[in-house]
Amino acid sequence: AGLVAGAAAGGYGMLKLASDVDSSQKRIQGQLGVTGAEAKKLNGITQSLWKEGFGQDMSEVRNGLIQVRQNIKGLNSGDLKQVTKDSLTLAEVFDADVNEVTRAGSNVMKGFGTSSKEAFDLMAWGAQNGLNFSNEMFDNLSEYAPLYKKMGFSATEYFQLLKKGTDSGVYNLDYINDAMKEFQIRVKDGSKGVAEGFGQLSSKTKQVWSDFNQGKATVKDVHNAVINDLKNMDNQVKANQIGVALYGTKFEDLQADSMYALGNIDGSIKGVKGSMDKASEANENFARRAKALFREFVSGLAPFGNSLLDIGERLLPKVEASINKVSTAFINLPPAAQD
């Protein structure tokens with residue numbers, strides 16, 4: 001009885017594994033609209049990552065790969081596998097959604113022109129250094145990264161700005177990004193209130209703003225100059241009024257100390273390179289290793305599942321026909337004979 005039960009359970013497991021592999025390939029083909037050959041290749045990456053212990057099951061790994069493929073264009077097979085692995089790792093370690101991670105990575109890459117390696121190192125560094133404190137880092141990166149490039153910031157300068165704001169105790173990252181977004185709108189529109197605000201700043205800052213209006217300076221240059229002036233003003237009531245005129249009400253929401261912390265942005269942050277590798281190493285826990293060991297073993301049994309299916313297709317119709325005959329005969333027996 002034990003042998004039969006064990007064989008039945010093992011047979012079911014092999015059938016399910018074979019079914020998962022086949023289903024995964026079909027879903028990849030259906031969702032990405034690729035050829036059968038390409039779907040098979042992509043499914044091979046899915047199986048490889050699954051065998052390494054990533055994801056709760058094969059479908060989670062497959063969904064991660066699909067989202068990477070859809071959100072980040074132009075990756076070769078090697079990069080696709082690595083970025084999928086990095087996305088699954090960041091999502092697991094920092095309790096985030098894989099789709100948010102891939103969208104953030106895509107916009108950092110597109111916005112600042114970084115490689116996938118640089119983008120994921122920056123995101124891992126940011127999360128490791130507290131930027132995900134309000135569980136919105138990846139969403140904010142996805143929304144604002146392209147805007148900061150237009151304002152003249154590099155990728156490292158953007159992350160430096162977020163880090164300085166975080167360290168100053170801001171309520172959430174949205175406050176920082178909204179303040180900077182409003183600032184870049186106002187310095188461009190040249191309204192009366194903005195002109196009056198700049199009119200009360202130093203001649204050096206006025207010159208930077210003039211250079212900006214002539215296309216010779218960036219929003220980042222103007223921002224650094226303005227914050228430096230406001231921070232060093234003796235009359236902080238006046239500084240606050242000018243700050244609101246240039247940055248909007250978020251200047252008041254953030255408070256002066258947090259706004260002043262956003263100055264002197266020059267991209268000087270350390271320890272970014274290799275941050276993704278550190279996150280991956282930290283995620284190499286016992287459970288991952290155990291899953292990888294077991295999955296490597298059972299993946300070798302997948303061909304048996306296909307063989308069992310072939311046998312079933314060949315033999316079960318005959319068994320079914322025999323059972324139907326027995327059932328019919330049994331039903332036609334009188335009740336006493338059935339008993």
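The values are calculated or read from the model by the stated rules, or taken from the named source; none is laboratory data. What you see is a predicted model, and the numbers here were worked out from it, not measured in a lab. Every residue, glycine as well, gets a Cβ built from its backbone with ideal geometry; the counts of neighbours run over all protein chains shown. Accessible surface areas use protein heavy atoms only, side chains included; no ligands, DNA or RNA. Shrake-Rupley method; radii C 1.70, N 1.55, O 1.52, S 1.80 Å.
Please verify whether region 259-271 includes one or more residues that are open to solvent by 50 Å² or more (accessible area, probe 1.4 Å) and assigned to a helix (DSSP H, G or I). Looking for residues that are open to solvent by 50 Å² or more (accessible area, probe 1.4 Å) and assigned to a helix (DSSP H, G or I), one finds none in region 259-271, hence no.
Wholly within region 146-213, which helices (runs of 4 or more DSSP H) include no fewer than the required count, namely at least 1 residues that are among the basic types (K, R) and within 37 Å of the chain's Cα centre (by Cα)?
155-167, 173-189
When we screen K220, K278, K273 for residues that are of a type in the set (K, R) and closer than 21 Å to S203 by Cβ, the only hit is K220.
Do the conditions hold for V98, that is, is it at pLDDT below 95 and either closer than 16 Å to F159 by Cα or crowded, with 22+ Cβ neighbours inside 10 Å (or both)? In short, yes. On the basis of being closer than 22 Å to T89 by Cα and open to solvent by 80 Å² or more (accessible area, probe 1.4 Å), does K231 make the cut? So K231 does not fit the description; no.
Rundown of residues vs (1) farther than 30 Å from E100 by Cβ; (2) open to solvent by 40 Å² or more (accessible area, probe 1.4 Å), yes/no style:
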position: M151; (1), (2): no, no
position: K164; (1), (2): no, yes
position: G169; (1), (2): no, yes
position: D174; (1), (2): no, yes
position: V187; (1), (2): yes, no
position: K204; (1), (2): yes, yes
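If you go through region 108-158 and pick out every residue that is closer than 19 Å to V83 by Cβ and acidic (D, E), you end up with 3. The set of residues in region 65-82 being charged (D, E, K, R) and assigned to a helix (DSSP H, G or I) consists of R69, D79, K81.
One line per residue, one yes/no per condition, for (1) in contact with a strand residue (DSSP E or B) (Cβ under 7 Å, 6 or more places away or on another chain); (2) more than 26 Å from E157 (Cβ to Cβ); (3) at pLDDT 95 or above; (4) crowded, with 18+ Cβ neighbours inside 10 Å:
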| position | (1), (2), (3), (4) |
| --- | --- |
| T35 | no, yes, no, no |
| L42 | no, yes, no, yes |
| L49 | no, yes, no, yes |
| R62 | no, yes, no, yes |
| G74 | no, no, no, no |
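So for region 83-93 (the condition being part of a loop (DSSP other than H, G, I, E, B), open to solvent by 50 Å² or more (accessible area, probe 1.4 Å) and touching a residue at least 40 places away in the same chain (Cβ under 8 Å)), does at least one residue qualify?
The answer is no, given that none of the residues of region 83-93 is part of a loop (DSSP other than H, G, I, E, B), open to solvent by 50 Å² or more (accessible area, probe 1.4 Å) and touching a residue at least 40 places away in the same chain (Cβ under 8 Å).
Could you tell me whether region 106-123 includes any residue that is open to solvent by 20 Å² or more (accessible area, probe 1.4 Å), in a helix (DSSP H, G or I), in contact with a Phe, Trp or Tyr (Cβ under 9 Å, 6 or more places away or on another chain) and within 17 Å of D174 (Cα to Cα)? Yes; the residues of region 106-123 include at least one that is open to solvent by 20 Å² or more (accessible area, probe 1.4 Å), in a helix (DSSP H, G or I), in contact with a Phe, Trp or Tyr (Cβ under 9 Å, 6 or more places away or on another chain) and within 17 Å of D174 (Cα to Cα).
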